[in-house]
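Trainee: Below is a structure I'd like to ask you about.
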Amino acid sequence: MVRRVLTDVEAIAEATAGKLAEMVSAPGTFALVDARRLARDLAVSIDYVYAHATELGAMRLGSGPKARIRFDLDRARRAVEAKRGGSNGRYRR
């Protein structure tokens, strides 16, 4: 019984270590961009970016009424892809 538990624990540990190694070596970026750059990179209009800022993960830099907003490029890409739902069409500029 103890031997089986140890074997299971070792298998779980190996699987976990493998997943962690994948996560660490996976290419990922964290790039904050402004609305104009985001619109260009996502092939959408700047009006679309501002209209859907919350959905795209907008972050305010500061607390004033004219605080700049920035977007995490990867998060915004995922949001647009989810909204497109696999359609082949692109949003118009």
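Trainee: Pop out the ³J(HN,Hα) list for the stretch 5-13 in order, Karplus 6.51 cos²θ - 1.76 cosθ + 1.60 with θ = phi - 60°, rounded to Hz; leave Gly and Pro as x.
Mentor: Coupling constants for the stretch 5-13: 4, 4, 5, 5, 4, 4, 5, 5, 4 Hz.
Trainee: OK, next. For the pair L6/A67, report the inter-label distance in nm, with labels modelled 7 Å from Cα in the Cβ direction.
Mentor: 5.6 nm
Trainee: Once neighbouring chains are kept in place and the probe is 1.4 Å, which whole percent of the accessible area of the stretch 40-88 is contributed by carbon and sulfur? Don't skip to the answer; put the middle values down first.
Mentor: On the way: 1520 of 3210 Å².
Using a 1.4 Å probe with all protein chains present, the stretch 40-88 comes out at 47 percent carbon and sulfur.
Trainee: Label E14 and I46 with points 7 Å out from Cα along Cα→Cβ: what is the distance between them in nm?
Mentor: 5.6 nm
Trainee: Once you have a ≥ b ≥ c as the square roots of the Cα gyration tensor eigenvalues for the stretch 45-85, tell me rounded if a/c is under 1.5, and otherwise prolate or oblate according to whether a/b is larger than b/c. Write down the numbers at each step before the final one.
Mentor: Details: a/c = 3.06, a/b = 1.94, b/c = 1.58.
Since a/c reaches 1.5 and a/b is larger than b/c, the shape of the stretch 45-85 is classed as prolate.
Trainee: If I model a spin label at V33 and T54 as a point 7 Å from the Cα along the Cα→Cβ vector, what separation in nanometres do I get?
Mentor: With each label placed 7 Å out from Cα toward Cβ, I get 2.4 nm.
The values are calculated or read from the model by the stated rules, or taken from the named source; none is laboratory data. Quick caveat: nothing in here was measured; it's all calculated off a predicted structure. Every residue, glycine as well, gets a Cβ built from its backbone with ideal geometry; the counts of neighbours run over all protein chains shown. Quick note on the areas: whole protein, heavy atoms, side chains included, nothing else; ligands and nucleic acids left out. Shrake-Rupley method; radii C 1.70, N 1.55, O 1.52, S 1.80 Å.
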